[in-house]
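Notes to accompany the following structure.
The values are calculated or read from the model by the stated rules, or taken from the named source; none is laboratory data. Keep in mind that this is a model prediction, so the values were computed, not measured. A quick note on method: Cβ atoms are made from the backbone with ideal geometry, for glycine too, and the neighbour counts reach across all protein chains shown. Accessible surface is based on the protein model in full, side chains and every heavy atom, while ligands, DNA and RNA are left aside. Shrake-Rupley method; radii C 1.70, N 1.55, O 1.52, S 1.80 Å.
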Amino acid sequence: TNEVGIDEFADWCRKAGTEPMLAVNLGTLGPDEARQQVEYCNMKGGTHWSDLRKQNGHAEPHDIKLWCLGNEMDGPWQICHKTADEYGRMANEAAKVMKWADPSIEVVACGSSNRNMPTYAEWERVVLEHCYENVDYLSLHQYYGNSGGDINAFLAEGVGMEKFIKEIVATCDFVKAKLRGKKDIMLSFDEWNVWFHSHAADQKNERWQVAPPLLEDKYEMADA
C-alpha cells in the first residue's frame with residue numbers, strides 16, 4: 001500500500017541493527033532519478049532532494065552505502081526489460097552519476113536472474129564490458145526446490161550453487177583480462193532461498209488484495 005517508503009525502511013533498518021541495501025529503478029526511470037535518490041538519502045543538506053528529506057523529518061542523512069542498479073533486468077517479466085547492451089550502458093551511466101553524488105557508495109550491477117536464463121554468462125560479459133570501471137559487484141540470483149520429492153537431489157543442490165559462483169568468477173576474470181582491469185569485481189549473491197512450497201497457493205490468490213500472503217513458504221528441516 002506504499003505506507004513504507006525510504007525513510008520508514010531506513011528507520012526500521014537502524015532499529016533492527018542491519019544495513020539497508022536499496023535498488024534504484026532502471027526500468028521505467030533512469031540515471032538521473034537514481035542520482036536523486038542517492039542525494040535524498042546521503043547528502044547532508046543544501047540541495048533540493050536532501051532538503052526534502054529534512055522536511056520529511058530526517059535531519060541527518062540515511063547514509064546508505066550499497067545500491068543495486070535495477071533488479072533482474074534481463075527478465076522479460078520486467079517492465080522495460082533490456083538487452084545486455086542497453087542495460088550495461090544505462091548501468092554505467094547510473095553508477096557514474098550516483099558516485100558523483102556520493103563517492104563513498106558501492107553499486108551492484110545486475111547479473112542473470114538465474115543460472116537457467118538463455119543469455120546466462122553472455123549477459124554478464126556484455127554488461128561488465130560496459131560498466132566494469134564504475135561498478136563494484138555483480139549480482140547472482142538462484143532459488144532451489146524439491147517439487148519432485150527427491151530428497152537426495154535436493155540436498156545436493158549446493159553443488160550447483162558452487163558451480164554457479166565459479167562460472168561467474170570466471171566471467172568476471174575474463175572481462176578483467178580483456179579490459180586490462182586493475183580491480184576485481186566482487187559478487188553479490190543477493191537473492192537465494194528454498195522456494196517451492198507456496199507455488200500452487202500463490203496461483204489461487206485474487207488480485208488487488210491488501211497485503212496478501214504472497215510467496216510465503218512454510219519451511220521444513222530438509223529446506224534448512
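A few notes on this one:
- Considering only 121, 80, 213, the residue lying farthest towards the positive end of the dipole of the chain is 121, judged by Cα position with unit charges set on Cβ.
- Approximate spin-label separation residue 170-residue 201, in nm, with each point projected 7 Å along Cα-to-Cβ: 3.9 nm
- Apolar share of the accessible surface for the chain: 55 percent from carbon plus sulfur atoms, 1.4 Å probe.
- Stretching the chain fully between residue 51 and residue 216 yields a gain of 55.6 nm (0.36 nm per residue, less the alpha carbon separation).
- Anchor residue 54: aspartates and glutamates whose Cα lies under 13 Å away (excluding residues fewer than 8 positions away in-chain): 7, 39
- Residue ranges 112-121, 83-92, 56-65 sort as 83-92, 112-121, 56-65 when ordered by packing (mean number of other C-beta atoms within 10 Å per residue, highest first).
- Phi to ³J(HN,Hα) by Karplus 6.51 cos²θ - 1.76 cosθ + 1.60 over the stretch 127-142, Hz, x for Gly, Pro: 4, 5, 5, 7, 10, 3, 6, 10, 10, 10, 9, 10, 7, 10, 10, 6
- Take the stretch 1-132 with all the other protein chains still there, run a 1.4 Å probe, and you get 50 Å² of accessible area per residue.
- Shape category assigned to the stretch 1-110 from the gyration tensor of Cα positions, a/c cut at 1.5: prolate
- Rounded if a/c under 1.5, otherwise prolate or oblate - the chain, Cα gyration tensor axes: oblate
- For residue 68, the amide hydrogen comes within under 5 Å of the amide hydrogens of 22, 23, 24, 108, counting only partners 5 or more places away or on other chains and with H modelled in the peptide plane.
- Highest GNM mean-square fluctuation among 191, 206, 122, for the chain modelled with Cα contacts below 10 Å: 206.
- Extension gain (nm, one decimal) between residue 157 and residue 180, 0.36 nm per residue minus Cα-Cα: 4.8 nm
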